[in-house]
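Below is one structure, written out as structure tokens; comments come after it.
Derivation of every value follows stated rules applied to the coordinates shown; laboratory data play no part. What you are looking at is a predicted structure, and each value in this text was computed from that prediction instead of being measured. As a convention, Cβ positions derive from the backbone with ideal geometry for all residues, glycine included, and neighbour counts pool all protein chains shown.
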Amino acid sequence: QSVLTQPPSASGTPGQSVSISCSGGSTNIGANTVNWYQQLPGTAPKLLIDSSNQRPSGVPDRFSGSRSGTSASLAISGLQSEDEADYYCAAWDDSLNGCVFGTGTKVTVL
Amino acid sequence: EVQLLESGGGLVKPGGSLRLSCAASGFMFNSYAMTWVRQAPGEGLEWVSSISSSETIYYADSVKGRFTISRDNSKNTVYLQMNSLRAEDTAIYYCAKGRMTTAWLGVDYWGQGTLVTVSS
């Protein structure tokens, strides 16, 4: 049972922008940083955004993250076919004393 | 280059046990937290357990009392001992490297995963 809520799907045509929301609460997103992960079909997840808005080395600047209050979002600009994947947000939850993942969003490039 | 190699998965009967191992290389293992995350077939990611560099341990409620995480810094390996396994524990189990010494900042690198199937 995920504590962080994401839309199940999002889509766009090549070149368009897509935004994915992640809704949480005061004990997780409201208190700690958010990480975003990309999971391509049949592969392990990969860190896409850390500390809510930082891109690790090698991640294209088409990907950006933000956090406000108890919500976070991931934006993909200039959508490309290789961006078709599942995306998950994650944050530490001070009440559960553990990490919580979002429900996941499947991005489709039309 | 950071590498995480999980092993120990397989088919086990309900109520049985398995021990997963994750051999790490390419970073100073004793300075980072380590985490296990699982993914049931066709489902999302579920955090299982984390151990900090100072061996502070955290468990998801779903595995507390049944699973035990540990680390051997001399072998650069983290373990997950899984007892009293249930059908709902069936999943790919990923080992992941923490971003820092503590678990609460999340993980950066992931292994390829090992499949655990609990079935009679």
statement: Over chain A, cysteine residues that find no other Cys C-beta under 4.7 Å are A:Cys99
- prompt: Given C-alpha coordinates of region B:46-113, what is the ratio Rg to Rh with the Kirkwood estimate of Rh?
  reply: 0.94
field: Phi-based couplings in Hz for region A:59-66 (Karplus 6.51, -1.76, 1.60; Gly and Pro marked x)
entry: 7, x, 6, 5, 9, 9, x, 8
- request: Would you grab the residues whose amide H sits under 5 Å from the one on B:Val107? Only those 5+ places off in sequence or on another chain, please, with H modelled 1.01 Å from N.
  value: B:Arg99
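Assign unit charges at the C-beta atoms only (+1 for Lys and Arg, -1 for Asp and Glu), then state the dipole size of the protein assembly as shown relative to its Cα centre in Debye, rounded to the nearest 20. Before the final figure, lay out the partial values.
Details: 15 positive and 18 negative charges, 69 e Å.
Magnitude of the dipole: close to 320 debye.
With only alpha-carbon atoms in the gyration tensor, what are the semi-axes of the equivalent ellipsoid for chain B, in Å, largest first? Spell out each step's value before the answer.
On the way: eigenvalues 105, 38, 34 Å².
In descending order the semi-axes read 23, 14, 13 Å.
Quote the convex hull volume per residue of the protein assembly as shown, based on C-alpha atoms, as a whole number of Å³.
Details: hull volume 25.1 nm³, N = 230.
Once divided by residue count, the hull of the protein assembly as shown is 109 Å³.
Taking each pair of different alpha-carbon atoms in chain A once, compute 1/r for the pair, average those values, and report the inverse of that mean as the Kirkwood hydrodynamic radius in Å to one decimal. Don't skip to the end; give the middle numbers.
Details: mean 1/r = 0.0729 Å⁻¹.
Value: 13.7 Å, from the Cα pair sum.
Partner chain Cβ atoms within 10 Å, averaged over the residues of B:105-117 - can you pull that number for me?
Details: counts 8, 13, 7, 6, 5, 7, 1, 2, 3, 0, 0, 0, 0.
The mean count of partner-chain Cβ atoms within 10 Å per residue comes to 4.
Note down the magnitude of the dipole of chain A about its Cα centre, charges +1 on Lys and Arg C-beta and -1 on Asp and Glu C-beta and zero elsewhere, to the nearest 20 debye.
Numbers: 5 positive and 8 negative charges, 19 e Å.
Taking the Cα centre of chain A as origin, the dipole is about 80 debye.
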- prompt: Once you put a point 7 Å from the Cα of B:Ser31 and another 7 Å from the Cα of A:Ser95, both along the Cβ direction, what distance in nm separates them?
  reply: 3.6 nm
query: When the Karplus curve 6.51 cos²θ - 1.76 cosθ + 1.60 is applied with θ = phi - 60°, which whole-Hz ³J(HN,Hα) does each residue of region B:16-22 get, with x for Gly and Pro?
result: x, 10, 8, 10, 8, 10, 9
message: Using a 7 Å offset from the Cα along the Cα-to-Cβ direction at both B:Arg66 and A:Leu110, what is the distance between the two label points in nm, to one decimal?
response: 4.3 nm
- prompt: Short version: ³J(HN,Hα) in whole Hz for each residue of region B:91-99, in order, from phi by Karplus 6.51 cos²θ - 1.76 cosθ + 1.60 (θ = phi - 60°), x for Gly and Pro, what are they?
  reply: 5, 7, 9, 9, 9, 9, 7, x, 6
- request: Could you grab the relative contact order for region B:40-119? Cα pairs under 8 Å, six or more apart, rounded to a whole percent.
  value: 26 percent
- prompt: Where a Cα-Cα gap under 29 Å defines reach, which lysines qualify for B:Lys13, not counting those fewer than 8 residues away within the same chain?
  reply: B:Lys64
